[in-house]
Structure formats: C-alpha cells, structure tokens
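These notes are about the structure you will find just below.
The values are calculated or read from the model by the stated rules, or taken from the named source; none is laboratory data. From a predicted model like this one, the values you see are computed outputs, not experimental measurements. A quick note on method: Cβ atoms are made from the backbone with ideal geometry, for glycine too, and the neighbour counts reach across all protein chains shown.
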C-alpha cells in the first residue's frame, strides 16, 4: 500500500526471504554492546516468534530469552536479557 511503502524505510518492509534478515543482523552484532544485566528488545512480526527465539538462543546461549505477546495474543517482542532482572 502506498501509505506504507512511501513512508517506511525499505529495510522495514523487506526482511529478506524469511523476514528475519534485520533480526539476524542485530543479534549477530549486539554482543559487544550488551553489558551484563543489559537487554535487547526486538519487535518481531507475527509468526516469527519461534525462528527469532532460535536465532537469539544461538547467539546468546546463556541469556534469559522470552517472547512477549501483543494485545491480540501474537508474538510481538523478543527479549534477550543478560544477568539479573527480567522484563
């Protein structure tokens, strides 16, 4: 739709063949920036929950990783936490 296509960045609209290209890149490069006790929060598309969860576990095997649902009950937020404290 033009009202979306004309105002959203291309990267927000084209996630690659599986829709996870940006998420894969964020997780692959976040490690050096994530302090102990820190967190990464990534908005995901409906239906990407299990794949995003698997990617996060691959990059951060010691982290607390959960999916949060939106008000419609769909997986919407990937939360990766290191150290104490949970969102």
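Listed by first and then second residue, the pairs with beta-carbon distance under 7 Å, at least 6 apart or on different chains, first residue in segment 26-50 and under 13 Å from residue 79 (Cβ atoms), second loosely packed, with under 15 Cβ neighbours inside 10 Å and modelled with pLDDT under 95, are 39/87. Report whether or not residue 61 is out of contact with any helix residue (DSSP H, G or I) (no Cβ under 9 Å at 6 or more places or on another chain), outside any loop (DSSP other than H, G, I, E, B) and either over 15 Å from residue 21 (Cβ atoms) or at pLDDT 95 or above (or both). Against the criterion (out of contact with any helix residue (DSSP H, G or I) (no Cβ under 9 Å at 6 or more places or on another chain), outside any loop (DSSP other than H, G, I, E, B) and either over 15 Å from residue 21 (Cβ atoms) or at pLDDT 95 or above (or both)), residue 61 does not qualify.
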